[in-house]
Each structure stands twice: as structure tokens, then as C-alpha cells.
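Take a look at the structure below.
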Amino acid sequence: MLSRARSRLLIPLLATALAGALTGCSLLDRDTRDTPNAQPPVGTAAGGPVPEIPTTVAAGQVSLLQRLGADGPIRTLSVERDGTWQCLDCAGDGVTSRGTLAPEQTERLQVLLADPKLAKETDQVRQYRVTCIDALTSSLLTSAGLITSQDCPGEERPPVAGEILLLLTQATPAEVVG
């Protein structure tokens, strides 16, 4: 049986995979040869193969998964290497938005995503556990791994991931606080 914290993180990942599949822009359909940590699809189902949920994205890409409280809708933002982004329900208004980061924002994002310190900020390395109730939980899916933080009193965001989150929320409809 999954621990409560792990199952709370699994729900946003499952929702993102489903939302992406419904929009034709799935994290699961990326070329896994370019993603060293990605797993090939496994299993079968009535509609075809059942893909394993990825735990990373390709280098230079990032996805932001957000949820306000335990019962809030999943908000997802996916950003490609070239700075193009797609946001599903980012502002909690049910709207899908698309856009492109400014060239200087794209360059800054790529520098942050390539920072070796990012690997030390993953949930696995930090042994992160969700602790707040009814807070905005933000999870960055990067090539280094999943990095989660919450908008709750006393919790500090990991430095590099915090800068990525701030950049994304300033440049898109995504929010940094609940």
C-alpha cells in the first residue's frame, strides 16, 4: 500500500497523463530515446499498451503540476526547450492557454534546468513529505526528477527549483501561491 504522501503525489501525475492524452500533448508520447530515465511502455489494456508514468522529462523541458488543497483540480503547465508552453487550468478557471516565453526567460530557464544543484533538490534526495492541508502544492517534473514544494508557513522552497517556479509563474497564468 502506498504511503499517503506518495499517493498524493501520484494523483497529480496520473491527472497530468490523462489530461495530456486527452489534449494530444502527453508527457507519455515523448521519444523515450531522448529521455535517459524514461521507461518504455509496459503492459496492455483494451485500448492498447498501458504506459508507465514517467518520473522525469527530457533535458530542457519542465512540467509544473499544481493542486490547491486535497480536493482541488489539477493545474498543469508544460514548457518545451524552445520556450513554448501549454497550460491546462493554470489559473483554476478551466481555461487552456498557450504561449511562448520571452527569449531571455527561455535562456534563464535552460540555465536553471541545467544547474547541477537541481539534482540535490529532488523529492527523493530531500525525502520530501507533503505536510500542509489546503495549501497550494507545486511539483516540478524535470530531467533531474520530481521537486515538490508547498505554499505554507515556514516551508522554504529549494533554491533552484524555487527560481524555476517563480520564472514560470511570472511568465504564464500559473500561480506561485494559493
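The values are calculated or read from the model by the stated rules, or taken from the named source; none is laboratory data. Please read all numbers here as calculations on a predicted model, not as lab measurements. Every residue, glycine among them, receives a Cβ derived from its backbone with ideal geometry; neighbour counts consider all protein chains shown.
Looking at the structure I just gave you, is Ala59 of a type in the set (A, V, I, L, M, F, W, C), assigned to a loop (DSSP other than H, G, I, E, B) and at pLDDT 90 or above? It would help to see each step written out before you state the result.
Numbers: of a type in the set (A, V, I, L, M, F, W, C): yes; assigned to a loop (DSSP other than H, G, I, E, B): yes; at pLDDT 90 or above: yes.
Taking the combined requirement at face value, the residue satisfies it.
Where residues in the range 127-178 are under 20 Å from Asp71 (Cα atoms) and hydroxyl-bearing (Ser, Thr, Tyr), which of them is surrounded by the fewest Cβ atoms within 10 Å (Cβ to Cβ)?
Within the range 127-178, the match that is surrounded by the fewest Cβ atoms within 10 Å (Cβ to Cβ) is Thr131.
Could you count how many residues in the range 62-91 are surrounded by 16 or more Cβ atoms within 10 Å (Cβ to Cβ) and at positive phi?
The qualifying residues number 2.
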